[in-house]
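What follows draws every value from the coordinates through simple rules; no lab data is involved. Being a predicted model, the structure only gives us computed values, none of them experimental. Here the Cβ is made from the backbone with ideal geometry for all residues, glycine too, and neighbour counts use every protein chain on show.
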């Protein structure tokens with residue numbers, strides 16, 4: 001008996017999981033009855049139309065949600081609010097000083113320009129008009145086409161005309177300050193200004209280039225033909241280049257409002273390409289407030305058509321939009337940010353534009369924006385923006401280059417924070433679950449997510465809050481299944497969360513199809529597939545598995561699924577249920593519900609054996625391999641002729657199927673009465689053939705076949721082997737016991753594990769079997 005226990009361990013061995021795994025243990029785990037389960041990622045259909053909030057969004061019918069349909073025209077913009085930032089404006093004085101009715105005449109020297117004394121009192125905020133420029137503007141304006149037709153929305157003066165701020169003379173002898181040129185004022189003693197030279201340079205650039213370009217824009221806009229539109233786009237590019245070369249982008253240009261006034265009028269031409277060029281210029285000029293909102297709306301409207309994606313790819317507007325995300329405050333420009341992020345959501349659906357987003361470091365900008373949104377006081381607006389942002393990240397998660405960025409920029413912890421703060425928002429939770437389900441399918445992202453402790457409790461809480469939201473539930477269960485498939489720590493951390501098993505059982509009850517037609521539960525089956533897979537993966541942990549096996553409700557639901565469904569309608573689900581029952585049947589303690597209801601389990605498993613699904617048959621065979629340790633189950637197998645199915649599986653040509661069948665036969669042969677019936681089914685002959693077919697490639701299978709032969713022959717004491725079968729078996733064993741058989745392995749990196757498996761799994765039982773093939777006594781082996 002000591003020899004038997006030493007050379008013939010049970011079919012399912014409890015390995016010490018805490019110690020470092022050897023190469024043999026790795027092989028054993030791959031062949032154990034405890035198995036990690038996998039499944040396909042839930043499919044997300046592409047939305048037929050680009051909308052701010054999709055038809056399935058809870059915001060779709062909300063009356064106060066931001067609109068995705070609107071009109072943007074020149075009248076929506078306000079050029080007067082586009083003045084450059086020149087410091088804080090001082091409040092008006094309550095006391096208005098009274099000036100004398102007459103002003104003393106300046107000395108003769110001053111009137112002759114010999115002294116630098118200014119005697120004219122300027123009004124507050126007055127801007128001196130440059131006379132040469134004004135004269136040039138008037139001359140140029142007179143040359144314009146008199147038939148020029150401008151959009152009727154707003155009558156604007158010439159973009160280069162500035163109303164001079166004049167000072168009313170206080171006496172007949174006084175002079176207007178506007179009569180002096182910039183050059184004259186600059187050279188007056190005591191009036192030198194550090195910014196005057198820079199201002200002069202701006203004026204020269206404006207006069208030499210910008211003025212002419214603005215005039216040409218207005219002139220060309222009158223035609224508004226296809227050729228004109230193309231030329232207008234070129235003019236906008238040239239204007240952008242001139243402003244950039246003159247250092248007048250941003251809010252530094254003194255006459256910025258004049259430029260914007262012309263650009264705003266061109267929007268009414270309703271050209272997507274031109275509007276995008278205008279938007280690019282407006283963003284480069286740092287519009288703010290209502291103008292920024294309308295520009296973001298305009299860009300959003302253009303991006304709603306997939307045919308316009310190429311326009312975004314061929315311009316630098318993406319970089320400018322990212323600048324908006326990076327700099328604008330959520331409380332002040334929340335609605336503008338909303339349409340800006342929504343634009344990125346649409347564009348990220350295009351593979352070529354998505355590459356541009358990654359090159360422009362969108363993931364890092366998104367991570368920063370997430371934290372700002374989580375800290376925003378306006379939770380409603382921040383929530384609307386997060387819906388768009390999480391949807392964009394969902395699109396990026398499909399890209400291989402993006403996945404490494406999600407990890408390196410700590411986007412996953414940020415999304416866990418979003419999930420915690422917005423756990424009641426179904427839209428945000430659903431989009432986040434889609435990101436998690438995609439990323440957790442890859443090892444590096446799955447590991448990063450598994451190392452975030454709060455991801456387990458918050459995921460369970462979201463599942464508990466939205467149990468009926470099917471697309472959300474299925475993705476979060478899929479994510480948890482991925483985490484528990486690859487990490488033993490994840491199995492334990494998840495199970496130890498408060499209410500974990502209660503949440504899982506609650507979902508199981510909701511989606512268990514009772515009394516409904518088969519076609520009504522197709523989507524519900526997908527949820528159950530992910531849920532049962534999660535149970536199967538958690539049950540692998542040595543501390544979690546026994547507790548799951550003792551949970552009566554959990555086991556009852558699994559049995560109920562086997563009873564309610566058929567393999568024809570729910571094959572994947574039943575295979576996952578069988579795999580979970582098989583894992584739980586590994587723990588055969590007295591308190592195990594599987595052990596207590598083992599005959600019921602065997603009856604329900606029987607219909608899987610008779611199915612046409614090889615996967616279902618394999619899992620059923622594994623269950624019988626565990627349950628056949630019990631005498632009453634072995635009797636049930638023989639009474640229902642399940643043993644005939646098992647013997648037939650030896651001809652399947654599948655190593656896994658043969659291995660499981662050998663295990664069942666080994667246990668069935670523990671009873672002497674069963675050996676003759678098994679031999680009559682030619683079980684011994686098929687075992688010898690199986691040993692010859694798979695031996696050198698699979699020493700575990702070879703060892704298990706030898707154990708089955710040992711038990712079927714009563715340790716060699718019963719003459720059930722035919723002479724030819726005995727001769728074939730001796731020849732095979734003699735060949736396999738030669739160490740030269742090991743050289744048949746092809747890959748050198750597997751040689752060590754292969755040899756270890758040969759020495760520990762095959763060699764001991766094969767040597768014993770060789771000794772007893774002559775008419776000597778033997779011992780019965782335990783499977």
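A compact table of results
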| quantity | calculated |
| --- | --- |
| Quarter of the Cα convex hull surface for region 423-558, i.e. its orientation-mean projected area (nm²) | 7.9 |
| Residues residue 465 and residue 212, FRET efficiency given R0 of 45 Å [Cβ-Cβ distance, rounded to 0.05] | 0.10 |
| Efficiency of FRET from Cβ geometry, residue 648 and residue 58, R₀ 56 Å, rounded to 0.05 | 0.55 |
| Full-stretch length increase - residue 67, residue 305 - with 0.36 nm per residue and alpha-carbon distance subtracted | 84.0 nm |
| Label zone at residue 319, where the point sits 7 Å out along the Cα-to-Cβ direction: region 230-274 residues whose backbone N lies under 11 Å | none |
| For region 243-384, diffusion coefficient by Stokes-Einstein and Kirkwood Rh (Cα), 10 °C, 1.306 mPa s, µm²/s | 102 |
| Residue 731-residue 610 FRET efficiency (beta carbon distance; Förster radius 41 Å; 0.05 resolution) | 0.65 |
| Anisotropy class of region 496-645 from Cα gyration tensor, a/c 1.5 cut | oblate |
| Square roots of 5 times each gyration tensor eigenvalue, C-alpha, region 306-440, largest first, Å | 21, 18, 13 |
| Distance in nm between pseudo-label sites at residue 452 and residue 673 (7 Å out along the Cβ direction from Cα) | 6.0 |
| Region 423-581, relative contact order [Cα under 8 Å, separation at least 6], % | 22 |
| Per-selection Kirkwood Rh - region 333-392 (Cα, Å, 1 d.p.) | 11.7 |
| Ranked by how many other beta carbons lie within 10 Å on average, peptides 614-624, 676-686 from highest | 614-624, 676-686 |
